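Step one of this worksheet: look at the structure below.
The values are calculated or read from the model by the stated rules, or taken from the named source; none is laboratory data. In this text, all values refer to a predicted model and were calculated from it rather than measured experimentally. Neighbour counts run over all protein chains shown; Cβ positions are idealised from the backbone, glycine included. With ligands, DNA and RNA removed, areas are computed over all heavy atoms of the protein, side chains included. Shrake-Rupley method; radii C 1.70, N 1.55, O 1.52, S 1.80 Å.
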Amino acid sequence: MKRHCHQREVLAVHEAGHLVAIAITPGLVAQDLVWHRLPDYEIAHVESARSAEFDWEKPDDRNALIARHAAVALAGGAAELAGAMPAGGLDVRAIHAQVGATDFELAHEWLTLQRYDPDQQTLEREIQRLFHEVWRALAAPPVRAAIATVRDRLLARLGDADAGGASSLRVPAGELLAGLALDRAAEFTLEATLFDRGTAAAGGSV
């Protein structure tokens with residue numbers, strides 16, 4: 001989710017990052033992009049759903065989906081960086097500023113679903129690791145090109161909304177992704193969960 005007062009192109013890149021991240025991630029299906037014009041700013045978000053190939057009741061599938069949903073939440077901010085990640089990467093405070101409070105908190109909430117260590121530093125390290133993995137996935141030239149295409153298509157739709165005086169818009173993901181050759185090859189995984197530690201401490205019982 002992104003809201004912006006003045007720079008619509010930033011909003012469009014951010015949402016294109018979320019959408020393309022969903023498109024390259026197994027187990028997730030992109031749905032609609034929703035945009036609203038409010039009195040002081042514009043806001044947009046992309047909706048996603050789980051595909052039938054993953055079963056939330058199976059631990060391995062659930063862990064994979066948690067990691068992938070968290071990664072997608074971070075993808076908008078990562079897309080804004082394009083190929084320009086600072087040499088030393090970003091610390092967790094910089095990531096929070098880059099992705100925005102809403103997306104950062106969403107990623108945090110997803111990660112806590114798998115009984116993560118309640119130590120805040122553990123969660124922050126996981127967010128930091130995932131953010132850099134997402135950035136690497138989105139920085140690949142074909143993926144960056146797809147993000148640019150989705151950005152341009154979204155900006156065109158928003159221009160049409162301006163011309164028609166619309167204050168809201170819902171765009172099917174298929175329209176924004178049409179014709180783009182994107183492989184579902186992005187793999188994002190969990191690390192260091194209480195489930196793992198608890199199993200080891202109890203000699204294999206949960």
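Filter region 94-127 down to residues that are open to solvent by 40 Å² or more (accessible area, probe 1.4 Å) and assigned to a loop (DSSP other than H, G, I, E, B) and give me whichever is modelled with the highest pLDDT.
The qualifying residue modelled with the highest pLDDT is Leu113.
Look through Leu28, Leu74, Leu38 and report the one residue that is crowded, with 16+ Cβ neighbours inside 10 Å, within 17 Å of Val10 (Cβ to Cβ) and of a type in the set (A, V, I, L, M). I'd like the intermediate steps shown before the answer.
Working: Leu28 fails: within 17 Å of Val10 (Cβ to Cβ); Leu38 fails: crowded, with 16+ Cβ neighbours inside 10 Å.
Of the residues listed, the single one that is crowded, with 16+ Cβ neighbours inside 10 Å, within 17 Å of Val10 (Cβ to Cβ) and of a type in the set (A, V, I, L, M) is Leu74.
Looking at (1) without any contact (Cβ under 8 Å) to a residue 12 or more places away in the chain; (2) under 24 Å from Asp183 (Cβ atoms); (3) aliphatic (A, V, I, L, M), which is the only condition Ala97 fails?
The failed condition is (2).
Name every residue in region 167-206 that is of a type in the set (Lys, Arg) and modelled with pLDDT under 90, in order of residue number.
Here is the first cut: in region 167-206, the residues of a type in the set (Lys, Arg) are 170, 184, 197.
Matches in region 167-206: Arg184, Arg197.
To keep it simple, each residue is scored yes or no on (1) of a type in the set (Gly, Ala, Ser); (2) assigned to a loop (DSSP other than H, G, I, E, B); (3) modelled with pLDDT under 90.
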{"position": "Ile22", "(1), (2), (3)": "no, no, no"}
{"position": "Thr25", "(1), (2), (3)": "no, yes, no"}
{"position": "Asp40", "(1), (2), (3)": "no, yes, yes"}
{"position": "Val46", "(1), (2), (3)": "no, no, no"}
{"position": "Ala49", "(1), (2), (3)": "yes, no, yes"}
{"position": "Ala52", "(1), (2), (3)": "yes, yes, yes"}
{"position": "Trp56", "(1), (2), (3)": "no, yes, yes"}
{"position": "Asp60", "(1), (2), (3)": "no, no, yes"}
{"position": "Asn63", "(1), (2), (3)": "no, no, yes"}
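Could you figure out which of (1) of a type outside the set (S, T, N, Q); (2) exposed (fewer than 12 other Cβ atoms within 10 Å of the Cβ); (3) in contact (Cβ under 8 Å) with a residue 12 or more places away in the chain isn't true of Pro86?
Every condition holds for Pro86 apart from (3).
Out of Leu155, Leu169, Leu138, which single residue is touching a residue at least 60 places away in the same chain (Cβ under 8 Å), crowded, with 18+ Cβ neighbours inside 10 Å and in a helix (DSSP H, G or I)?
Among Leu155, Leu169, Leu138, only Leu138 is touching a residue at least 60 places away in the same chain (Cβ under 8 Å), crowded, with 18+ Cβ neighbours inside 10 Å and in a helix (DSSP H, G or I).
Just give me the residues in region 39-85 being more than 22 Å from His108 (Cβ to Cβ) and in contact with a helix residue (DSSP H, G or I) (Cβ under 8 Å, 6 or more places away or on another chain), in sequence order.
Selection gives Glu42, Asp55, Ala82, Gly83.
From the residues in region 41-71 that are under 19 Å from Gln98 (Cα atoms) and among the hydrophobic types (A, V, I, L, M, F, W, C), which one is surrounded by the fewest Cβ atoms within 10 Å (Cβ to Cβ)?
Ranking the candidates gives Ile43 first.
Are any residues in region 57-70 farther than 11 Å from Leu190 by Cα and either in contact (Cβ under 8 Å) with a residue 60 or more places away in the chain or more than 19 Å from the chain's Cα centre (by Cα) (or both), and if so, which ones?
The answer is Glu57, Lys58, Pro59.
On the given criteria, is Val143 under 15 Å from Ala75 (Cα atoms), aliphatic (A, V, I, L, M) and in contact (Cβ under 8 Å) with a residue 24 or more places away in the chain? Break it down stepwise before answering.
On the way: under 15 Å from Ala75 (Cα atoms): yes; aliphatic (A, V, I, L, M): yes; in contact (Cβ under 8 Å) with a residue 24 or more places away in the chain: yes.
Considered against the rule, which asks whether it is under 15 Å from Ala75 (Cα atoms), aliphatic (A, V, I, L, M) and in contact (Cβ under 8 Å) with a residue 24 or more places away in the chain, Val143 comes out as yes.
Quick check on my filter: what residues within region 138-163 are within 15 Å of Leu176 (Cα to Cα) and among the charged types (D, E, K, R)?
Looking only at region 138-163, we keep the residues that are within 15 Å of Leu176 (Cα to Cα), and these are 143-160.
If the condition is that a residue be within 15 Å of Leu176 (Cα to Cα) and among the charged types (D, E, K, R), then Arg144, Arg151, Asp152, Arg153, Arg157, Asp160 are the ones that fit.
Taking region 12-36 as the region of interest, how many residues are on the phi < 0 side of the Ramachandran plot and in contact with a strand residue (DSSP E or B) (Cβ under 7 Å, 6 or more places away or on another chain)?
Let us first name the residues in region 12-36 that are on the phi < 0 side of the Ramachandran plot, namely 12-26, 28-36.
Keeping just the survivors that are in contact with a strand residue (DSSP E or B) (Cβ under 7 Å, 6 or more places away or on another chain) gives 14-15, 18-19, 22-23, 28-36.
Total meeting the criteria: 15.
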